[in-house]
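Have a look at the structure below before the remarks.
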Amino acid sequence: GIQVEQSPPDLILQEGANSTLRCNFSDSVNNLQWFHQNPWGQLINLFYIPSGTKQNGRLSATTVATERYSLLYISSSQTTDSGVYFCAVELYNFNKFYFGSGTKLNVKP
Amino acid sequence: DAGITQSPRHKVTETGTPVTLRCHQTENHRYMYWYRQDPGHGLRLIHYSYGVKDTDKGEVSDGYSVSRSKTEDFLLTLESATSSQTSVYFCAISESGQASQQYFGPGTRLTVT
């Protein structure tokens, strides 16, 4: 199956700092999504971004499909940004998503 | 938020007993998925459905079966639960499968003793 690697595995930030999370994948994909899992376990869809750049408030994401990576930018981090960030990819002609192991973010006040 | 509920939310059961988890959606989405989440593994697909009575295996399907008799309900059954099936189970839905967004339910925490 496809390999999905996320880095860094753990990240500690001071409130107000910026960060970049990375997702590398080993094959061409039809779909890429970023999710945030909050400390209560809820998974929230952040971006659907198979290619290009999108922004939503303090968050933005860029996927370079030809180079098989995606980046999630968090600016002016807040304590509510804490949790685990996952990327998930879907291969062409397969209705199956493969998740990375996640980046655990802890934003300290 | 997408209308997805899971029941039960928590369950403790003994090894060897059958267990059924239910996922219910109000979005009329065609695709439904069952994942398990374990430390160090992220989320892994167990089974998915692409329509009523249409299902297929994911990467960790051994020991699990599924059924979908109505668009809104997707059931996951552990025929004989084992301790290795202790996990958090998430249901997800998407409108059209390929190249569409997935939305997740709140999860079910299952402990097999």
Q) Can you name every residue in the stretch B:75-109 that is in contact (Cβ under 8 Å) with a residue 40 or more places away in the chain and β-branched (Val, Ile, Thr)? A) B:Thr77, B:Thr82, B:Val88, B:Ile93, B:Thr108
Q.
Regarding the stretch B:22-42, can at least one residue be identified that is modelled with pLDDT of 95 or more, closer than 24 Å to A:Gln3 by Cα, of a type in the set (Lys, Arg) and open to solvent by less than 70 Å² (accessible area, probe 1.4 Å)?
A. yes
**Q.** Restricting the stretch A:22-51 to residues that are out of contact with any Gly (no Cβ under 7 Å at 6 or more places or on another chain) and part of a loop (DSSP other than H, G, I, E, B), the residue that is least open to solvent (accessible area, probe 1.4 Å)
**A.** A:Ile49
Q. So which of A:Ser77, A:Ser19 ends up being touching a residue at least 60 places away in the same chain (Cβ under 8 Å), away from chain B (no Cβ under 14 Å), open to solvent by less than 40 Å² (accessible area, probe 1.4 Å) and under 13 Å from the mean Cα position of the chain (by Cα)?
A. A:Ser19
Q: Kindly indicate whether A:Val64 is within 26 Å of B:Tyr31 (Cα to Cα), open to solvent by 20 Å² or more (accessible area, probe 1.4 Å) and modelled with pLDDT of 95 or more.
A: no
(Q) Being over 15 Å from the mean Cα position of the chain (by Cα) and more than 17 Å from A:Val89 (Cα to Cα): is that true of B:Ser69 here? (A) no
Q: Kindly provide the set of residues from the stretch B:47-74 that are in contact (Cβ under 8 Å) with a residue 40 or more places away in the chain and of a type outside the set (Phe, Trp, Tyr), ordered by number.
A: B:Thr71, B:Glu72, B:Asp73
**Q.** Filtered residue count, the stretch A:83-105, keeping only those that are assigned to a strand (DSSP E or B) and open to solvent by 30 Å² or more (accessible area, probe 1.4 Å)
**A.** 3
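Results for (1) basic (Lys, Arg); (2) under 12 Å from the mean Cα position of the chain (by Cα); (3) more than 10 Å from chain A (Cβ to nearest Cβ), shown as yes or no for each residue.
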position	(1), (2), (3)
B:Glu59	no, no, no
B:Ala81	no, no, yes
B:Thr86	no, no, yes
B:Ser96	no, no, no
B:Ser100	no, no, no
B:Pro106	no, yes, no
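The values are calculated or read from the model by the stated rules, or taken from the named source; none is laboratory data. Note that the structure is predicted; figures quoted are calculated from it, not measured. Cβ atoms come from the backbone with ideal geometry, glycine included; neighbour counts cover every protein chain shown. Accessible surface areas use protein heavy atoms only, side chains included; no ligands, DNA or RNA. Shrake-Rupley method; radii C 1.70, N 1.55, O 1.52, S 1.80 Å.
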